[in-house]
Amino acid sequence: MKLDILTALNTERAARRGAIVITNVENGRQRFVKAGEIGNDPLRAILTEHLRTGKSGMAETVEGRVFLTVYVPAPQLVITGAVHISQVLAPIGKLLGYDVTIVDPRTAFASVERFPEVKVIAEWPDKALPQLHVDRYTAFVALTHDPKIDDPALRHALSRDCFYIGALGSRKTHARRVERLKAQGLSEVDIARIHAPIGLDIGAVSAAEIAVAIMAQITERLHAAADIEETERVAAPATAAS
């Protein structure tokens, strides 16, 4: 890989943006396409398909036979609340391949001792979250039960294209949350994206069981999002033809 392509790729990966390296297998020529520039590329249909699936592979194109090397960000799990549930949820997330970050301004809870081998940011959400590049590859979980922490965190997550957003609390607690978020200018459509009560309904009681229920729901949403994209991709030609 040429140095200029490698440099550009590293820049995109650091910013959690997708990209594709196109290698012509007949002459060895390479070119680099950022995710944000695919719409203007002559191979946009094929590139879009590969970027959605995250899969590299061969393709026959108007440019000849090419190999598409796809780079998409690793999924990340962002948790507000360095609580007991988080102590179980974080290692489960890491085991499943997520980059996990805990955000909590309460330094008594947000410590390396309580969360070994996990990135912990002891800052308020408005300061901590922008640097994390919360995006469509992010699962966002609010667990503090403190509106001063969870509400601004949820507003940030809802302004991004997270594939999952969940918040801890009973239906009564969530109803109060909904009223607060409406008063802060969020629409019912946006608020409806929040999974609350959080996690799959498996009768979870303990912190460990709740963490399992949350991670199961995140996994369910991750695969559901992929299925929706695949269905849209397959249906697109028929729609265009009609």
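So in segment 156-176, with the set limited to residues that are part of a helix (DSSP H, G or I) and touching a helix residue (DSSP H, G or I) at 6+ places or on another chain (Cβ under 7 Å), which one is nearest to Thr219 (Cα to Cα)?
Ranking the qualifying residues of segment 156-176, first place goes to Leu158.
Go through (1) free of Cβ contacts under 8 Å to residues at least 60 places away in the same chain; (2) not in a loop (DSSP other than H, G, I, E, B) and name the single condition Val212 misses.
(1)
Tell me, which strands (runs of 3 or more DSSP E) lie completely within segment 30-148 with 2 or more residues that are within 30 Å of Gly199 (Cα to Cα)?
76-80, 99-103, 119-121, 138-142
Based on this model, can you work out whether Gly97 counts as out of contact with any Lys or Arg (no Cβ under 7 Å at 6 or more places or on another chain) and modelled with pLDDT under 95?
Details: out of contact with any Lys or Arg (no Cβ under 7 Å at 6 or more places or on another chain): yes; modelled with pLDDT under 95: yes.
Yes: the conditions hold for Gly97.
Listed residues Arg180, Arg155, Arg221, Arg193; which is modelled with pLDDT under 95 and not acidic (Asp, Glu)?
Of the residues listed, the single one that is modelled with pLDDT under 95 and not acidic (Asp, Glu) is Arg221.
So that you can scan it fast, the table gives a plain yes or no per residue for (1) touching a helix residue (DSSP H, G or I) at 6+ places or on another chain (Cβ under 7 Å); (2) in contact (Cβ under 8 Å) with a residue 12 or more places away in the chain; (3) open to solvent by 60 Å² or more (accessible area, probe 1.4 Å):
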{"position": "Val134", "(1), (2), (3)": "yes, yes, no"}
{"position": "His145", "(1), (2), (3)": "no, yes, yes"}
{"position": "Ala192", "(1), (2), (3)": "no, no, yes"}
{"position": "Ala208", "(1), (2), (3)": "yes, yes, no"}
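Would you point out the residue of segment 149-185, among those that are among the acidic types (Asp, Glu) and open to solvent by 60 Å² or more (accessible area, probe 1.4 Å), that is nearest to Lys127 (Cα to Cα)?
Here the answer is Asp161.
Restricting attention to segment 102-117, does a residue exist that is surrounded by fewer than 20 Cβ atoms within 10 Å (Cβ to Cβ), within 23 Å of Arg160 (Cα to Cα) and among the small types (Gly, Ala, Ser)?
no
With the requirement that a residue be of a type in the set (Lys, Arg), over 23 Å from Ala14 (Cα atoms) and touching a residue at least 24 places away in the same chain (Cβ under 8 Å), what does segment 38-74 give you?
Passing the criteria: only Arg65.
The values are calculated or read from the model by the stated rules, or taken from the named source; none is laboratory data. In this text the structure is predicted, and so the values were computed from the model without any measurement. For neighbour counting, all protein chains shown are included, and Cβ atoms are generated from backbone atoms with ideal geometry for every residue, glycine included. Accessible surface is based on the protein model in full, side chains and every heavy atom, while ligands, DNA and RNA are left aside. Shrake-Rupley method; radii C 1.70, N 1.55, O 1.52, S 1.80 Å.
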